[in-house]
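Trainee: Below you will find the structure I want to go over with you.
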């Protein structure tokens, strides 16, 4: 029996490699998103701690400490706004990489579907050829048997 060969296997392998590479790129992009979000959350946490300290100890702080604390809170507010922008930028970059991965997956899936359909066609044709051969053999056996038996 003939063996199935898919002429586009090298292309399918290449598309599989491209998809895997894009998965790595997306993972790196998602890591950047998580890192940026973690840093933003840390800034927010520090600001909340600083504000809680201000509200609790406001009456007991001297003027220099109050000014420094308020200035640091303002700095944290500016950093948080800037970090929100950074998070948005890296998130958009990650979304672009995700779109590229989806496209690469679709390209690979098209070839996998084509390979599957060609394999099914090949197997159906091979089964038909085998059935024809078996029918031919059975017809010969029957013809011989009918010639050998007297009427």
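Trainee: Taking Rg/Rh (Cα atoms, Kirkwood Rh) as the quantity of interest, determine which of (1) 0.99; (2) 1.22; (3) 1.59 was computed from the displayed structure.
Mentor: (3)
Trainee: Hey, what did the chain get for relative contact order, percent, Cα under 8 Å, at least 6 apart?
Mentor: 43 percent
Trainee: Additional query: Once both axes come from the Cα atoms, what is the angle between helix 9-57 and the longest principal axis of the chain, in degrees from 0 to 90, rounded to 10?
Mentor: For helix 9-57, the angle is close to 20 degrees.
Trainee: Rounding to the nearest 10 and keeping the result within 0 to 90°, find how far the Cα-based axis of helix 63-148 lies from the longest principal axis of the chain.
Mentor: 0 degrees
Trainee: Between the stretch 15-41 and the stretch 59-121, how many Å separate their Cα centres?
Mentor: The stretch 15-41 and the stretch 59-121 have Cα centres spaced 9 Å from each other.
Trainee: Another question, if that's okay. Which value at 222 nm does the chain reach when only helices count, each DSSP H run of 4 or more adding -39,500 (n - 2.57), with the total divided by all residues and rounded to the nearest 500 deg cm²/dmol?
Mentor: That comes out to -34000 deg cm²/dmol.
Each value in this text was obtained by applying a stated rule to the coordinates, not by laboratory testing. Note that this is a predicted model, so its numbers are computed, not measured.
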